[in-house]
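See below for the structure under consideration.
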Amino acid sequence: MKIGLVILFIFSLSVVTTQPLEAAGYSLKEVTPAVQNALDARKKRFDRLADLKVKGMIGENNNGYVSALEKNNAAEQLADEENQNRRVIYKAIAQQNGLGKSVDIIEKVFAQVRRDKAQSGEMIQLETGDWVQKQ
């Protein structure tokens, strides 16, 4: 059953892999209704988010979330919605792996995954806090 949940998790996130989490000893063990809602919402907004990333209006920050890089209501709202859903998923992973409310480990792992998975030309925030365009 665990393998099926991990496959569903990978599919639902589209471009986020759980391999770094598993390598660090963490995995999503149960897809709760809240997690499923977050996954579904992320899937629905994926194309809009990708479009704003290509335009440089949204970037992947160094905490595992997205940041609006321009003063734009649509970009800010989309970033807020995406971050709320990511937070639900990160908290579930932390809780299911005995980390309690300490999601910072999960955030850092996903931040690295998102930097690695970013497309050339997209904005990413390095661990130092500097924003750069992915080469």
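The values are calculated or read from the model by the stated rules, or taken from the named source; none is laboratory data. Since the model is a prediction, treat every value here as computed from it, not as a measurement. Cβ atoms come from the backbone with ideal geometry, glycine included; neighbour counts cover every protein chain shown.
What to note about this one:
- Selection count, region 34-67, where residues are under 18 Å from residue 121 (Cα atoms), crowded, with 19+ Cβ neighbours inside 10 Å and either among the small types (Gly, Ala, Ser) or in contact with a Cys (Cβ under 8 Å, 6 or more places away or on another chain) (or both): 1
- Residues satisfying the stated conditions in region 8-31, i.e. surrounded by 15 or more Cβ atoms within 10 Å (Cβ to Cβ) and modelled with pLDDT of 85 or more: 28, 29, 31
- Of all residues in region 94-128, those satisfying the criterion of being closer than 27 Å to residue 70 by Cβ, part of a loop (DSSP other than H, G, I, E, B) and charged (D, E, K, R) are 122, 127.
- Residue ID - surrounded by the most Cβ atoms within 10 Å (Cβ to Cβ), chosen from residues in region 77-103 that are of a type in the set (Asp, Glu) and touching a residue at least 24 places away in the same chain (Cβ under 8 Å): 82
- Tally, over region 51-76, of residues that are part of a helix (DSSP H, G or I) and free of Cβ contacts under 8 Å to residues at least 40 places away in the same chain: 6
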